[in-house]
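Let me begin by presenting the structure, written as structure tokens, before commenting on it.
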Amino acid sequence: MSKKREVASGKMGLCKRSEDVQMGEPIITVRDLEVNFNAYAGTVQAVRGVNFDLRKGETLAIVGESGSGKSVTTKAILGILPKNGYIKNGTILYDGDDLVKYKESDFYRLRGKKISLVFQDPLSALNPIMKIGQQIMEALILANHMTKAEAKAKALDLMKAVGIPEAETRFEQYPFQFSGGMRQRIVIAIALAADPEILICDEPTTALDVTIQAKILDLINDMKRERDLSIIFITHDLGVVANMADRICVMYAGKIVEMGTADEIFYEPAHPYTWALLSSMPDLDTKEKLFAIPGAPPNMIHPPEGDAFSVRNKYALAIDFEEDPPYFKLSDTHYAATWLLHPDAPKVEMPEILRNRIQRMKEADQKNGE
Amino acid sequence: MENKEKNVQVAIEKAEENKDDVVLEVKNLVMHFKSKKRGRTHLVKAVDNVSFSIKRGETFGLVGESGCGKTTTGRTIIRLYNPTGGEVYFNGVPLHGKMTKDLRKFITSNIAMIFQDPIASLNPRMTVQEIIGEGLKIRGMKSFDERHEVVVDMLKRVGLMEEHATRYPHEFSGGQRQRIGIARALVTNPKMIIADEPVSALDVSVQAQVINLLNDLKEEFGLTILFIAHNLSVVKYFSDKIGVMYYGKLVEMASCDELFKYPLHPYTKALLSAIPQPDPHAERKRVKISYDPSIHHYDDGENAPHYFEVRPGHFVYCSDAEYPGYQAEVSEIQKKLQEKG
């Protein structure tokens, strides 16, 4: 409790953008994390050596295709890996403890209370035969040992805080009576019930419409500001994180291939996979042929030798097929794992469609600045 | 009965003679569903008085949030539902009348559909060549070798290989399955395709592959496409004309550039303002508009809404009272554009 007060009174409560956030101390430190799954066909190497810090008060986005290991990473943090999955190596430091060594009973102190999770599909995250109000109260009673009356008052407050109109009526209703957006608000309310420090959002808006998506993203941003949350935001849609993220990790085949502040990733992307992700979707001014990544993500039972992306990468160098690239430092906050950044590598430009778009964005930015 | 079937045939022949530029014409299409809730019958107006037309080789994008009736519109056109009212003409042939054998044959041989979910829309017990060749078989191509040849050719065109023909759908990835769905739709040489959210269920990198494929095939086959989607960036990239749907009504319709330059209906504005852009600086400044349908005050009498052509080819659904406001807005935007040069 004392810790929370410190945070609230300190300057962390005020920081919004990447420049301030860099000074925040790490709240979760993940080092050399490797997660494997035992499958029928062999061992799936889902996460292969991931390193990142989540700093206090920041939103860290993890972006990648399905199967890149982004969800598995956060599941490892919360100790909710499926039965056939295990952490092979690495440490996850939170509050001085290594979560990798935690027993199931230790996680009870953590899940929902310190670290909460918002799932992708709000319908399957809620119990269909339990009233909405009861579901929020359940979280409050379990985590905060409240009485029923206290819990009901707090639950109604939470429902109002996440923007549910007529909370008293809605309290008595069931999930099927809620629309998708409203359901996701309830899931967020439950996640916030025990005042966690960290919120992990696993594709929270993928199942929602554009207009609803915008509202939910706003809500998450508001909650972050009000409650000094640190957020890990998982998504495959780079557009979604542009206004959410302070820092972005791009994951591919179980590794982080590029890490940087939002501005660095969007305006100065360096890894061919980030280029491909950014230019594979049209924006409103795109006229050119889209830059599609050929093929599909690799089979992680037999991860390819060298850079896992090299097979699909038209900029791949010979060394990419033999040796895994190390991280090259572009700035204090910007790292990318690609041999293209090696001093001896040939100079390669990003795809034209992306260069044009960044040019356009910079021009628009200047115009607005004037 | 016989007479009616003859009528269809006569109409088909007539249409072949005078090939009009307009391929599909939808006039006041209405599709209502009855649902029973606690003993009471409710009327769900899934599609309510929707009119639009698509010209040869054109792509018409239908956007709106889930539940707005865009999928129902597509399904009603192809007669997966029987419309409650309104008219649909394909090359001048009415598709809305009584379903006869001839009419069904006419519809299925001219319009094909690509579905959203590539897993649910392919029969798991059929091989790829059976799935793709089924339409050919029904249309009288009885010889297996002949069919096999066409199927293999089609597979290659959508970026798959000959050896894929004997495999089952579960052996493919999502993007590949969607390619099979596209091949199945195109193999009978339809004149028009209804693509219902063809890329929404796919992964980002695979979405681009499928969009590029559809774009190439559009040119190669000279297809007319009704493109249904909720992702406005994709719709803008892909379509010539866009219709915006809201709760069963088509609230605004215009050519692609026109709609993004002069968005007039408040719902269109809200929709446009909600598109996430991969640009952090612009995103931080973005003002999101929310739409409140209660601003309209429509009734059945004088204030009944209908379609107004605000600019050439640009239709807005509004009442007489609202129309001057939209016109003023148009001239204001024009002024701004002129100032910018």
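The values are calculated or read from the model by the stated rules, or taken from the named source; none is laboratory data. Fair warning: this is a prediction, and the values are worked out from it, not measured in the lab. Glycine also receives a Cβ, built like all others from the backbone with ideal geometry; neighbour counts cover every protein chain displayed. In case anyone asks, the SASA skips ligands and DNA or RNA and just uses the protein heavy atoms, side chains included. Shrake-Rupley method; radii C 1.70, N 1.55, O 1.52, S 1.80 Å.
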Nonlocal amide H pairs with B:Leu62, under 5 Å, H built at 1.01 Å:
B:Phe227, B:Ile228, B:Ala229, B:Gly243
Filtering GluC sites (Glu not before Pro) in the stretch A:124-166 by DSSP loop and by at most 13 other Cβ atoms within 10 Å leaves A:Glu166
Only helices counted: for chain B, with every DSSP H run of 4 or more residues adding -39500 (n - 2.57) and the sum spread over all residues, [θ] at 222 nm is -12000 deg cm²/dmol
Dipole of chain A, positive end: most advanced residue of A:Tyr86, A:Gly133, A:Pro269 [Cβ charges, Cα centre]
A:Gly133
Under the rule that an exposed site lies in a DSSP loop and has at most 11 other Cβ atoms within 10 Å, name the longest stretch of chain B with no trypsin sites (Lys or Arg not before Pro) of that kind, not counting the sites themselves.
B:143-341
Output field shielding_mean for A:229-237 (other chain Cβ, 10 Å radius) holds 1
Which of the listed residues, B:Leu136, B:Asn212, B:Phe238, is farthest toward the dipole's positive end in the stretch B:2-262, when Lys, Arg count +1 and Asp, Glu count -1 at the beta-carbon?
B:Leu136
With unit charges on the beta carbon (Lys/Arg positive, Asp/Glu negative), name the residue among B:Ala270, B:Thr71, B:Tyr323 whose Cα is farthest towards the positive pole of the charge dipole of the protein assembly as shown.
B:Thr71
How many square angstrom of accessible surface are buried between B and A, both sides summed, with a 1.4 Å probe and rounding to 100?
3500 Å²
Top mean-square fluctuation among B:Ala321, B:Ala282, B:Ala195, Gaussian network model of chain B, C-alpha springs under 10 Å?
B:Ala282
Rounded to whole Hz and in sequence order, give me ³J(HN,Hα) for the stretch A:98-109 from the Karplus expression 6.51 cos²θ - 1.76 cosθ + 1.60, θ = phi - 60°, writing x for Gly and Pro.
8, 5, 5, 8, 4, 8, 4, 5, 5, 5, 4, 6
Can you tell me the length gained on complete extension of the stretch B:Glu171 to B:Phe260, counting 0.36 nm per residue apart and subtracting the Cα distance?
27.9 nm
Please compute the Cα-Cα pair-distance distribution of chain A with 10 Å bins starting at 0, giving whole percents from short to long.
5, 22, 31, 25, 13, 3, 0
So which lysines pass the test for A:Lys347, namely a Cα distance under 22 Å, with those fewer than 8 places away in the same chain ruled out?
A:Lys314, A:Lys329
Of A:Lys287/B:Lys241; A:Lys215/B:Lys340; A:Lys131/B:Lys36; A:Lys75/A:Lys114, pairs whose Cα-Cα distance is over 20 Å:
A:Lys215/B:Lys340; A:Lys131/B:Lys36
Residue of A:Ala214, A:Ala46, A:Ala337 that the Gaussian network model of chain A assigns the largest fluctuation, springs spanning Cα pairs under 10 Å
A:Ala214
Under the definition of Cα pairs under 8 Å and six or more residues apart, what whole-number percent is the relative contact order of the stretch B:2-262?
27 percent
How about the stretch A:250-319: which trypsin sites (Lys or Arg not before Pro) there are in a DSSP loop, with at most 16 other Cβ atoms within 10 Å of their Cβ?
A:Lys287, A:Lys289, A:Lys314
So how far apart, in nm, are the two label points at B:Asn215 and A:Asn299 if each is 7 Å from Cα heading toward Cβ?
3.2 nm
For the stretch A:166-176, in order, what is each residue's ³J(HN,Hα) by Karplus, 6.51 cos²θ - 1.76 cosθ + 1.60 with θ = phi - 60°, in whole Hz (x at glycine and Pro)?
6, 4, 4, 5, 5, 3, 8, 9, 9, x, 5
Cut-off under 12 Å on the C-alpha distance; same-chain residues fewer than 8 positions from B:Lys27 excluded. Which aspartates and glutamates are left, in chain and number order?
B:Asp48, B:Glu87
Can you pull the mean other chain C-beta count within 10 Å for peptide A:208-219?
5
Assuming R0 = 56 Å, can you tell me the calculated FRET efficiency for the pair A:Glu352 and A:Gln134, based on Cβ-Cβ distance, to the nearest 0.05?
0.50
Hey, in the GNM for chain A with a 10 angstrom Cα cutoff, which one of A:Tyr273, A:Tyr40, A:Tyr94 fluctuates hardest?
A:Tyr40
Can you list, bin by bin at 10 Å, the percent of alpha carbon pairs in chain B, starting at 0?
5, 22, 30, 25, 13, 4, 0
List the aspartates and glutamates whose Cα sits under 17 Å from the Cα of A:Lys160, skipping any in the same chain fewer than 8 residues away.
A:Glu150, A:Glu168, A:Glu172, A:Asp195, A:Asp218, A:Asp222, A:Glu226
Cα-based helix-to-principal-axis angle, A:210-227 vs chain A, degrees rounded to 10:
70 degrees
Looking only at other chains, what is the average number of their beta-carbon atoms within 10 angstrom of each beta-carbon in A:274-284?
5
What FRET efficiency, computed as 1/(1 + (r/R0)^6) with R0 = 41 Å and r the Cβ-Cβ distance, is obtained for B:Gln338 and A:Tyr267, rounded to the nearest 0.05?
0.85
Angle, helix A:132-144 long axis vs. longest principal axis of chain A, Cα atoms, 0 to 90°, nearest 10?
90 degrees
